[in-house]
1. Please arrange GLU166, GLU69, GLU114 by how many other C-beta atoms lie within 10 Å of their C-beta, fewest to most.
2. Residue-wise, which Karplus ³J(HN,Hα) couplings in Hz belong to segment 125-132, taking 6.51 cos²θ - 1.76 cosθ + 1.60, θ = phi - 60°, and x for glycine or proline?
3. Just to confirm a number: summing +1 for Lys and Arg and -1 for Asp and Glu over residues other than THR164 whose beta-carbon lies under 12 angstrom from that of THR164, what do you get?
4. Averaging sequence separations of C-alpha pairs under 8 Å and six or more residues apart, then dividing by the length of segment 13-176, give the relative contact order as a whole percent.
5. How large is ³J(HN,Hα) for each residue in segment 144-152, as worked out from phi by the Karplus curve 6.51 cos²θ - 1.76 cosθ + 1.60 (θ = phi - 60°), to whole Hz, x for Gly and Pro?
6. Using the structure shown, list the pairs from LYS130/LYS177; LYS57/LYS130; LYS35/LYS78 with a Cα-Cα distance above 19 Å, or answer none.
7. From the phi angles alone, apply the Karplus equation (6.51, -1.76, 1.60; θ = phi - 60°) to segment 154-166 and give each ³J(HN,Hα) in whole Hz, x where the residue is Gly or Pro.
8. Out of residues 5 or more away from LEU99 or on other chains, whose amide H comes under 5 Å of its own, with H placed 1.01 Å from N in the peptide plane?
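Since every read-out is calculated from the coordinates, none of them should be taken as a lab result. Note that the coordinates shown come from a computational prediction; the quantities given were computed from them, not determined experimentally. Cβ atoms come from the backbone with ideal geometry, glycine included; neighbour counts cover every protein chain shown.
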Amino acid sequence: MVYLHPQPQATTQASIGEGPSYGGETRGVAMGLLKGIDPLLTADVLHVLRSMGHGNKLVICDCNFPAAEIATHTTTGKHIILAVSLPEALGAICSVLPLDFFEQTQAMYMAPQEGVALPPAGVEVVSALKCAIGMHCGVDTRVEPIERFSFYEEAKGCFAVIQTMERRPYGNVILVKGASVPMGTI
């Protein structure tokens, strides 16, 4: 089954600045260098996202994840740091990255190994990451748990690692990139 989800274009007051004045009229200009692109998406992040192909996977992780080490095993070897929370990073990334709805699961988050309970802060961050992904990719997006040590192995086969400043435990997710197709063709 194929799902098409419109990408909402949310503009917050914090992202609007005063633009130049033209004949006494002031126009609002989104802060950042590119129109419609979240300013959290740095040139390095945009390059990685654009370089990824259909089916490639991207790790977005918390500050405790062994990102530098895992990145050495990825396709590109890239380890990019974003000084924001995991939900903020996911919101920005999912605003431009199509997910793969041909796959069984579009996103996988780290879960504790068997016999270990997810701590309350972990429950909170998992809920927040599901919300951030769902907001941009749709409620039909399948976000599934993957056991911690299996997550590390899966991460090594990813395209790149983007590390956030998220401090809550288990704030780690892998996204599967989909194809960007003209509207109405699927």
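1. Exposure proxy ranking, most exposed first: GLU114, GLU69, GLU166.
2. With coefficients 6.51, -1.76 and 1.60, one gets 6, 5, 4, 5, 5, 5, 5, 4 Hz.
3. Net charge in that neighbourhood comes out at -1.
4. Reported relative contact order: 38 percent.
5. 10, x, 9, 4, 3, 6, 5, 4, 4
6. In this structure, LYS35/LYS78 exceed 19 Å between Cα atoms.
7. 4, 4, 5, x, 7, 7, 6, 10, 10, 9, 9, 9, 4
8. Close amide H contacts, sequence-distant or interchain: GLY178.
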